[in-house]
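The values are calculated or read from the model by the stated rules, or taken from the named source; none is laboratory data. Since this is a predicted model, take the numbers as computed values, not measurements. Positions of Cβ are backbone-derived with ideal geometry, glycine not excepted, and every protein chain shown enters the neighbour counts.
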Amino acid sequence: MTFKEKLIQLRKQSGFTQEQLADRLGVSRQAISRWELGESTPDLTNLRNISELFHVSSDYLIHDDYLSEDDIPFIRDKTNEIIGVKNKYKKYHLVSAVCFFIATICICMAIINTQGTAQQIFVIWFTLSSATAVSQLYLYLKK
């Protein structure tokens, strides 16, 4: 799909007339018409403005072999990488939470078996809560 075809498609999908698109971009309606006819192409500033207006990359606009944003290898690879990183950190948070939950149960059982006082229970609970908070903060900042 060529630039002119993509521009026509994006303009029509957004419900713009050539005149409305020209007003948005600060160019003449004739300029839009020439771009859509393939008689000329926009300069870099207008290309950037078109990509921002329609929320597409300039790579998508200028490469005839890209039929959608998903066809751009860099964007597709980076998106998959970001999703993988997010899932990795979700696992760390889950593992951390499970570990502290198990540790809390073990310590509470030990205190109950040794007839611990309420003050001892509070100190241990506070220590575990603080450790959990620090652990989660570390994982959050590590992102």
* To do: Answer yes or no as to whether residue 30 is out of contact with any Lys or Arg (no Cβ under 6 Å at 6 or more places or on another chain), at pLDDT 95 or above and not aliphatic (A, V, I, L, M).
  => yes
* How many residues are surrounded by 13 or more Cβ atoms within 10 Å (Cβ to Cβ) and over 23 Å from residue 67 (Cβ atoms) when one looks only at region 7-23? -> 4
